[in-house]
Amino acid sequence: MNHMTTAERADDLDLLSEDYESVDHRLKLFLDVEVFEEEEELHSFLKMSAVKFGESGEVPSLLVVSNQRLYFLEMKSDMHRGPLADWLQKKDSYPIAELCYLEVGLGSQSIHMEFAVGGVAYTLLVRDSVRCKRFFGLLTGCSSLSLKELSSSATAPWMDIVQQ
């Protein structure tokens, strides 16, 4: 049984929201002050578990997409309240221009992405086909994304999503 008070629930940060026009001011301020490396604007974000190629295990994460970069933030706690710096930590960031491969995984449950720098690759375990497809659409539809290659196969899973 959940014994959270209404005030505690109101203090929780909604990381599943897909309304990027009205992002929680605490998250927006944290990104502007602690995360973004230049003058950047938030484009979207996705709560998921990230698996980085060459590292073991999945890490609860928040992928933040700005108009210039992709940021991987590690979530140190399941409780999304209190100072964000206490439970959200920047791990990696990559210029959007370095994103060279993007594909939706089996059953639209994950997204695989690769960067041109040093063979860096991630699998984003979304575990929700609707959220996965929607976020993939945001990534591929963002005019500032200059993807060099979406897939090497003509029958890639992402083609079904684009055509729907």
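The values are calculated or read from the model by the stated rules, or taken from the named source; none is laboratory data. If you're wondering where the values come from, they're calculated on a predicted model, not measured in any experiment. Because the Cβ atoms are built from the backbone with ideal geometry, glycine has one as well, and the counts that use them run over all protein chains shown.
Residues of the stretch 62-84 include at least one that is within 28 Å of Val33 (Cα to Cα) and assigned to a helix (DSSP H, G or I).
Every residue, every condition in (1) farther than 23 Å from Glu34 by Cβ; (2) buried (at least 19 other Cβ atoms within 10 Å of the Cβ); (3) among the acidic types (Asp, Glu); (4) in contact (Cβ under 8 Å) with a residue 60 or more places away in the chain, yes or no:
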| site | (1), (2), (3), (4) |
| --- | --- |
| Leu88 | no, yes, no, no |
| Ser93 | no, no, no, no |
| Ile96 | no, yes, no, no |
| Leu102 | yes, yes, no, no |
| Gly118 | yes, no, no, no |
| Arg127 | yes, no, no, yes |
| Gly137 | yes, no, no, no |
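Within the stretch 28-79, being among the hydroxyl-bearing types (Ser, Thr, Tyr) and under 24 Å from Gly137 (Cβ atoms) holds for Ser44, Ser49, Ser61, Ser66, Tyr71. Looking only at residues in the stretch 111-141 that are assigned to a strand (DSSP E or B) and in contact with a helix residue (DSSP H, G or I) (Cβ under 7 Å, 6 or more places away or on another chain), the one that is modelled with the lowest pLDDT is Phe115.
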